[in-house]
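To start, the structure itself, in structure tokens.
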Amino acid sequence: MIRPLIAADVTALASRLAELPLMVRYGRDAGALARSLEAARARGEGLLIAEDRGAPLGLAWFLPEGTLALGGYLRLIAVVPGAEGRGTGLALLRAFEAETARRSAHAFLLVSDFNAGAIRFYEREGYVRVGKLPGLVLPEVGELLYWKRLR
């Protein structure tokens, strides 16, 4: 089930997501991630959670409009360790696209250049690589810019 993230979800979800190698590489421990999610909630950003029987499986964090004055921006899709390969990421991506398409005709996202699995995933779902931002977040990592027309 996909639903909006609520305050009660933040600590448990942040704790699970902080275990991911991507979060470790970017220095996002559970506390930092929880603070970021709480701040995003306060700003009214898009936060959707995937769950199964009350257990958090993943998160989509996004801005539904404003990117390049044309579209939404997917900040993060992350699936908790052990829940990969069950369609959770795809369900979250489709929910992000549906929410974004209500206000924007385009979707944008960044993928770390070392994240081959994410690159394959987004390209399989129709996202087109349109650029690279070298050293945007970490000096040794390029962030690949992807775009998809939603409507």
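Taking a ≥ b ≥ c as the square roots of the Cα gyration tensor eigenvalues, with a/c under 1.5 meaning rounded and otherwise prolate when a/b beats b/c, else oblate, which class fits the chain?
Values: a/c = 1.43, a/b = 1.18, b/c = 1.21.
Cα axes put the chain in the rounded bin.
What is the dipole size for the chain, taken about its Cα centre, with +1 at each Lys and Arg Cβ and -1 at each Asp and Glu Cβ, in debye to the nearest 20?
About 380 debye.
Who wins for biggest fluctuation among Y127, Y73, Y26 in a Gaussian network model of the chain, springs between alpha carbons below 10 Å?
Highest fluctuation of the listed residues: Y26.
Sequence-distant or interchain residues sharing an amide H contact under 5 Å with R75, placed H: which?
W61, F62, L63
Based on DSSP H assignment, which helices of the chain show an axial Cα extent of at least 15 Å together with a mean Kyte-Doolittle hydropathy greater than or equal to -1.0?
Working: long enough: 30-43 (20 Å, 0.01); 88-101 (20 Å, 0.58).
Going by DSSP H runs, the hits are 30-43, 88-101.
Using a 1.4 Å probe on the protein chains only, how many percent of the accessible area of the chain belongs to carbon and sulfur?
On the way: 4260 of 7680 Å².
On the chain, the fraction of accessible area on carbon and sulfur atoms equals 55 percent.
Looking only at the chain, where both bridge partners belong to it, what percent of the DSSP beta bridges are antiparallel (to the nearest 5)? Each step should come with its number before you reach the end.
Numbers: 30 of 34 bridges.
Antiparallel bridges make up about 90 percent of those DSSP assigns within the chain.
Put +1 on the Cβ of each Lys and Arg and -1 on the Cβ of each Asp and Glu in the chain; which of A107, A8, S36 then has its Cα farthest toward the positive end of the dipole?
A107
Among rounded, prolate and oblate, which fits the range 1-62 when a ≥ b ≥ c are the square roots of the eigenvalues of its C-alpha gyration tensor, a/c under 1.5 means rounded, and a/b larger than b/c means prolate?
oblate
With θ taken as phi - 60° and the coefficients 6.51, -1.76 and 1.60, list the Karplus ³J(HN,Hα) couplings across the range 128-135 in order, rounded to whole Hz; mark glycine and proline as x.
10, 6, 10, x, 9, 10, x, x
Can you bin the range 11-98 into rounded, prolate or oblate? Criterion: square roots of the alpha carbon gyration tensor eigenvalues sorted a ≥ b ≥ c, rounded for a/c under 1.5, prolate for a/b above b/c, oblate for the rest. Don't skip to the answer; put the middle values down first.
Values: a/c = 1.71, a/b = 1.24, b/c = 1.37.
Here the range 11-98 falls in the oblate category.
Rounded to the nearest whole Å², what accessible area per residue is found for the chain with the 1.4 Å probe? Could the numbers behind the result be given before it?
Values: 7680 Å² over 151 residues.
On a per-residue basis, the chain sits at 51 Å².
The values are calculated or read from the model by the stated rules, or taken from the named source; none is laboratory data. Treat the numbers as computed from the prediction; the structure is a model and nothing was measured. Every residue, glycine among them, receives a Cβ derived from its backbone with ideal geometry; neighbour counts consider all protein chains shown. Keep in mind that these areas ignore ligands, DNA and RNA; they rest on the heavy atoms of the full protein, side chains included. Shrake-Rupley method; radii C 1.70, N 1.55, O 1.52, S 1.80 Å.
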